[in-house]
């Protein structure tokens, strides 16, 4: 018994135009140093294989790094306390 050839759909699929769900609001640009902060974690591995984390907090306006908190384990409560 031979396998029957597969049928191909002859209906062309229309590409839908992508429309944003909401109107976009422009980002607020900080004017003073203490208006807007960014927080990030930098993770590296020590020679022994253990992860070493540094919590960095940076002012958006001046791009000055105000806080560096190095630690092997940073909990949520400790990040809030910084």
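The values are calculated or read from the model by the stated rules, or taken from the named source; none is laboratory data. Worth saying up front: this structure is predicted, and the values here are computed from it rather than measured. Glycine gets a Cβ as well: all are built from the backbone with ideal geometry, and neighbour counts include every protein chain shown.
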Those residues that are out of contact with any strand residue (DSSP E or B) (no Cβ under 8 Å at 6 or more places or on another chain) and more than 22 Å from residue 64 (Cβ to Cβ), I need them from region 21-48; list them, please. 21, 22, 23, 24, 25, 26, 47, 48
Being part of a loop (DSSP other than H, G, I, E, B), closer than 12 Å to residue 62 by Cβ and modelled with pLDDT of 80 or more is the filter here, so list the residues in region 33-50 that pass it. 35, 36
Of the conditions (1) more than 18 Å from the chain's Cα centre (by Cα); (2) under 27 Å from residue 28 (Cα atoms); (3) at pLDDT 85 or above, residue 57 satisfies every one except a single condition; which number is it? (1)
Would you be able to tell me the number of residues in region 38-53 that are within 23 Å of the chain's Cα centre (by Cα) and without any contact (Cβ under 8 Å) to a residue 24 or more places away in the chain? 9
Counted residues in region 46-70 being surrounded by 12 or more Cβ atoms within 10 Å (Cβ to Cβ) and farther than 25 Å from residue 34 by Cα come to 1
